[in-house]
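What follows is a set of notes on a single structure, which appears directly below.
Read-outs: derived from the displayed coordinates by stated rules, not from any lab. This is a predicted model, so every value here is computed, not measured. All Cβ positions, even for glycine, are placed from backbone atoms using ideal geometry, and neighbour counts span all protein chains on display.
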Amino acid sequence: MAFRSMDQLDVKGRRVLVRLDLNVPLEKGRITDDLRIREAMPTVKSIVERGGIAVCMSHLGRPKGVDEKLRLAPVAARMSELLGRPVTAFTEISTDAVAQAVKRLPAGSVALLENLRFDPGEQKGDAGFTQRLAALGELYVDDAFGTAHRPDASVAGVPKLLGKDKVAAGFLMAKELKAFAQVLENPKRPVVAILGGAKVSDKLAVVQNLLDKVDALLVGGAMAYTFLKARGVPVGASRVEADFLEECKTILARARVRGVEVLLPSDHLCAPAFESDEARACEVIPDGCMGLDIGPATAARFAEHIAKAGTVVWNGPMGVFERPAYAAGTRAVAEAVAACPGYTVVGGGDSAAAIAAFGLASRVKHVSTGGGASLELLEGKLLPGIEALQS
Ligand code: 3PG
Ligand code: MG
């Protein structure tokens, strides 16, 4: 895939619309994880240090219209701290007042538009909204990897409107795409994919695509129980998506034909109810009990495979890792990924949160800032935000 890079844009004295994914978790107005903000700053810095004007834009959460709790002001404040320079936080998106104010911004300044999703035109890809946004800048840089799977106005519409010679990929976008290319195109073998999370239905497209690319697939989390049931293993009252049993059987058969080793949990931590923290280790899940984490033998078997891998990609926790009673499986996998000398990539969302919670993020080669976006890349899809950048 060919992209114009940031360095190829002459930004001096020009207004650059910069789409970032500043959709960070907030608790009572406080940012609880600023990874996405930190990772987006090199691009903004590069624009202003070269005398450009960075007109940044992002969504936050999933508001229906204006929502006071989802204003971007706290994000602008954090940006300002990280950049060491003021950030003008607009309280509107694309009104005439904003358009006038943006034109008055001096070279080297940074502004942040209000939450794009306050306008329903953003997610609808509305033509009028796209035009008003595009009119705020002369150039466009997309650094919102985490939003690349959304065909929204600011992601897909604006770059199309401005035209290819005015558009470039930001540093974070380039870094993310390079990391996933290293996993998906000609990776160092053996390639081990670790998949987890609650719903097997969310991961089937990923599994289908990865079967052509990996040597081993390690499956944990609740999604493993549908696979175990498909293999005829008793799973007690564990979460199973019955509608997907047949597809899981087909996948297991395809994996056998392709010589891909699929490792499912062989022991578990289980409890009589989801809410219960009475974790019991077992090899066979008793009737009436549900599995909530992989057991120690499984964790050790997974770790052995990870240690020998040339490339590892991990998406989805092994159990209910937010609760200490069921964190051990995810922690063991996180430790194994951190210790692996091969090329290691952790998908965004829950797995990125887990690796950070265990203090191991810096020991992984790449922690993605995109949850849904990284998943769709692993599915082999061409994402709208990436398509819009191709030159
Ligand atoms: C994300 O966190 O997944 C991205 O910021 C996109 O947000 P969305 O899932 O609400 O579209
Ligand atoms: Mg999402």
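Peptides 145-154, 290-299, 372-381, ordered by how many other C-beta atoms sit within 10 Å of their residues on average, highest first, read 145-154, 290-299, 372-381. Taking every Cα-Cα distance in region 7-157 and sorting them into 10 Å bins starting at zero, the pair-distance distribution P(r) comes out as 12, 46, 37, 6, 0 percent.
Expressed per residue, the C-alpha convex hull volume of the chain stands at 137 Å³. Specify the angular offset, from 0 to 90 degrees and rounded to the nearest 10, of the alpha carbon long axis of helix 245-258 from the longest principal axis of the alpha carbons in the chain. Result, in degrees: 90. Among the listed pairs K213/K381; K69/K199; K12/K166; K178/K213, a Cα-Cα separation exceeding 25 Å is found for K69/K199. Scaling against 2.2 N^0.38 Å puts the C-alpha radius of gyration of region 127-214 at 1.42.
Across region 350-359, rounded Karplus estimates of 3J(HN,Hα) from the backbone phi angles (6.51 cos²θ - 1.76 cosθ + 1.60, θ = phi - 60°) give 4, 5, 5, 5, 5, 5, 6, 4, 8, x Hz, Gly and Pro being marked x. Each residue in H59, H268 was given a count of other beta-carbon atoms within 10 angstrom of its own, and listing them fewest first yields H59, H268. Each Cα pair under 8 Å and six or more residues apart adds its separation to the average, and for the chain the resulting relative contact order is 16 percent. Per residue, the average separation of C-alpha pairs within less than 8 Å and at least 6 apart gives region 214-299 a relative contact order of 34 percent. For region 247-309, what percent of Cα pairs sit more than 18 Å apart? Summing the P(r) of region 247-309 above 18 Å gives 51 percent of all pairs.
Value of Rg to Rh for region 329-391, rounded to two decimals, is 1.06; Kirkwood radius and Rg both from alpha-carbon coordinates.
The alpha carbon radius of gyration of region 96-150, expressed as a multiple of 2.2 N^0.38 Å, is 1.22.
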